[in-house]
Amino acid sequence: MPKVLIADKMSAAATQVFRQRGVDVDVITGLSKEELINIIPDYDGLAVRSTTRPDAEIIAAAKNLKVIGRAGIGVDNVDIKSATDRGVVVMNTPFGNAITTAEHAIAMLFSAARQIPAASARTQNGEWPKSDFKGVELFNKTLGIIGCGNIGALVAERALGLKMKVIAFDPYLTKERAVKLGVEKVELDALFQRADAITLHTPLVEGTKGIVSRERLGMTKKGVIIVNCARGGLVDEEALKDALDAGHVRAAALDVFAVEPAKAHPLFGTPNFIATPHLGASTLEAQENVAVQVAEQMADYLLTGAVSNALNTPSISAEEAPRLKPFVDLADKMGRMTGQLIHDPIKAVEFTYKGAVTDLNTNPITAAALAGLLKAAMPDVNMVSAPVLAKERGIEIKESYVDEAERAESLIRLAVETAKRKFVVVGTIYRGEPRIVRLFGVPMDAAFSPNMIYVRNADKPGFIGELGGVLGRNKVNIATFSLGRMKKDEEAVCLVSVDGPVPANLAEEIRAIDQVKIVDVVEM
């Protein structure tokens, strides 16, 4: 039974989901880093919110860890690279708190426009400061949205309901999507120049860090309002304070800060500044939604192999997982065999899918083959890290599909190109088992086995007898023998499965046979 640790406070609904699904779960919150390192080897899954920070050391100690689930959107507290290197899937819940966060951004916008918190505090303090608060209407004002994904789109929808004009900057926002949302897509500088209020809904990555900079604040209209309910670090907080003090920024409302918890901050006490303690997702509905969602996703992965909302591996639905499993196994074996038969740097890898397999999600199949292929040189590679490692090494990956839906047989063709040659293997699933049906253009029918010997030889009489003699003298028993040739009197290829590991000297003895051109030992 898989075992999960819930390391941060979250709705008890998560625990109920895990137990109902047959996953053992412990809830231990408030752990120090050292305490977490000591116990994490016992767990297959780790569920967190924003407090626990699974870094490289914690992930390295998690020998059995398969998945980290973040109940929420932001995953800047998770070392995704380290998780990827170790083959740990990282999931988040991008939709569970979307409405709640969008509503909080609108609430912060209203509060900043009318300075509601300050007016409330002074009124409750016995004053009646009516003349000190002159707000601004949102009606007919231009709202600039930075990041128009799920949450940004919900904010746009609500702002349009307030009869605001909405402009948006998002590199991934298409013109068609912008039209459908009713927003105008603009460049970033134009957004800062035109907006009466700006709200952020983008992740914190290298390209967005400090996106609300001192320079860009200088581009804005006098009296602009700044709202950030996304991630700390998107706003240059020192520059924002200077702009508030100078009266250039009318008001600002931040729910997130570069360093949290922000119990002391230069912005605190600044006139026209509003702060909340990272409440964007803090409603009863959102807390339960993200807890249930992360538990469902993690349980699906641990029990069926289904992957949802992962940040470092392709998604696989629960329905797809059992159908994909035999093809993932086939691809892994094809990759591992090929990786041991090539001895030069890989330039390109091409996958061709034929038959019924083209109806499946082939991303996991490609990832499995890449992992197997790279394993000879990088033993720690896995399905999660393989696509990243291949890209880092400049390996070109191509995929193509041959629509042969009328044939029940599915074929996977793996072609690996090096500076010297191209190695091609074709495999299929026959009666539930992975098999090789073509090797270097030679038709054959061969099963994979733990210990195999690959030989390319001249197609001349006597070779099989000499090969059998070498194996016999070394007391190596043949399990299966698959042989094919390209053309008569030219080259032949054979793949021999043997019982037990191949002795170190055996390849040299086989290589000494006159007809032999290439010998490789393959261990699966």
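The values are calculated or read from the model by the stated rules, or taken from the named source; none is laboratory data. Computed from a predicted structure; not experimentally measured. Here the Cβ positions follow ideal geometry from the backbone for every residue, glycine too, while neighbour counts run over all protein chains shown.
When segment 62-121 is examined, which residues are found to be within 27 Å of MET1 (Cα to Cα) and in contact with a Phe, Trp or Tyr (Cβ under 9 Å, 6 or more places away or on another chain)?
ALA62, ASN64, LEU65, LYS66, VAL67, GLY69, VAL89, MET91 - these are the residues of segment 62-121 that are within 27 Å of MET1 (Cα to Cα) and in contact with a Phe, Trp or Tyr (Cβ under 9 Å, 6 or more places away or on another chain).
Looking only at segment 311-358, which residues are surrounded by fewer than 23 Cβ atoms within 10 Å (Cβ to Cβ), in contact with a helix residue (DSSP H, G or I) (Cβ under 9 Å, 6 or more places away or on another chain) and acidic (Asp, Glu)?
Residues satisfying the conditions are GLU320, ASP329.
Among the residues of segment 326-356, write down those that are among the hydrophobic types (A, V, I, L, M, F, W, C) and not in a strand (DSSP E or B). Lay out the reasoning, then the answer.
Taking segment 326-356 first, the residues among the hydrophobic types (A, V, I, L, M, F, W, C) are 327-328, 330-331, 334, 337, 341-342, 346, 348-349, 351, 356.
Once the filter is applied, which keeps residues that are among the hydrophobic types (A, V, I, L, M, F, W, C) and not in a strand (DSSP E or B), segment 326-356 yields PHE327, VAL328, LEU330, ALA331, MET334, MET337, LEU341, ILE342, ALA356.
For the structure I just gave you, tell me whether ALA251 is crowded, with 24+ Cβ neighbours inside 10 Å and either touching a Phe, Trp or Tyr at 6+ places or on another chain (Cβ under 9 Å) or in a loop (DSSP other than H, G, I, E, B) (or both).
yes
Looking only at residues that are buried (at least 24 other Cβ atoms within 10 Å of the Cβ) and touching a Leu at 6+ places or on another chain (Cβ under 6 Å) in segment 66-89, which one is modelled with the highest pLDDT?
Of everything passing the filter in segment 66-89, ILE68 is modelled with the highest pLDDT.
Hey, any hits in segment 184-205 for a residue that's hydroxyl-bearing (Ser, Thr, Tyr), under 29 Å from the mean Cα position of the chain (by Cα) and more than 12 Å from GLY147 (Cα to Cα)?
No, every residue in segment 184-205 fails to be hydroxyl-bearing (Ser, Thr, Tyr), under 29 Å from the mean Cα position of the chain (by Cα) and more than 12 Å from GLY147 (Cα to Cα).
Given the condition acidic (Asp, Glu), under 30 Å from ILE6 (Cα atoms) and crowded, with 23+ Cβ neighbours inside 10 Å, answer yes or no: does some residue in segment 282-293 qualify?
No, segment 282-293 has no match at all.
Could you check MET219 against (1) touching a helix residue (DSSP H, G or I) at 6+ places or on another chain (Cβ under 6 Å); (2) surrounded by 20 or more Cβ atoms within 10 Å (Cβ to Cβ) and say which number it fails?
(2)
Checking the structure you have, find out if any residue of segment 498-519 is in a helix (DSSP H, G or I) and small (Gly, Ala, Ser).
yes
Look at PHE18 and say whether it is in contact (Cβ under 8 Å) with a residue 40 or more places away in the chain, in contact with a helix residue (DSSP H, G or I) (Cβ under 9 Å, 6 or more places away or on another chain) and surrounded by fewer than 18 Cβ atoms within 10 Å (Cβ to Cβ).
Numbers: in contact (Cβ under 8 Å) with a residue 40 or more places away in the chain: yes; in contact with a helix residue (DSSP H, G or I) (Cβ under 9 Å, 6 or more places away or on another chain): yes; surrounded by fewer than 18 Cβ atoms within 10 Å (Cβ to Cβ): no.
In short, no.
Just give me the residues in segment 319-342 being farther than 26 Å from THR304 by Cα and either of a type in the set (Ser, Thr, Tyr) or free of Cβ contacts under 8 Å to residues at least 60 places away in the same chain (or both), in sequence order.
THR338, GLY339
Does any residue of segment 156-168 turn out to be of a type in the set (A, V, I, L, M, F, W, C), surrounded by fewer than 18 Cβ atoms within 10 Å (Cβ to Cβ) and touching a residue at least 24 places away in the same chain (Cβ under 8 Å)?
Yes, the conditions are met somewhere in segment 156-168.
Counting only residues that are under 33 Å from the mean Cα position of the chain (by Cα) and in the same structural domain as SER497 (by TED's automatic domain parsing), give me the strands (runs of 3 or more DSSP E) lying completely in segment 391-470 with at least 2 of them.
In segment 391-470, the matching strands (runs of 3 or more DSSP E) lie at 396-402, 411-418, 422-430, 433-439.
Condition check: touching a residue at least 24 places away in the same chain (Cβ under 8 Å) and not acidic (Asp, Glu). Does LYS391 satisfy that?
For LYS391, the condition - touching a residue at least 24 places away in the same chain (Cβ under 8 Å) and not acidic (Asp, Glu) - is not met.
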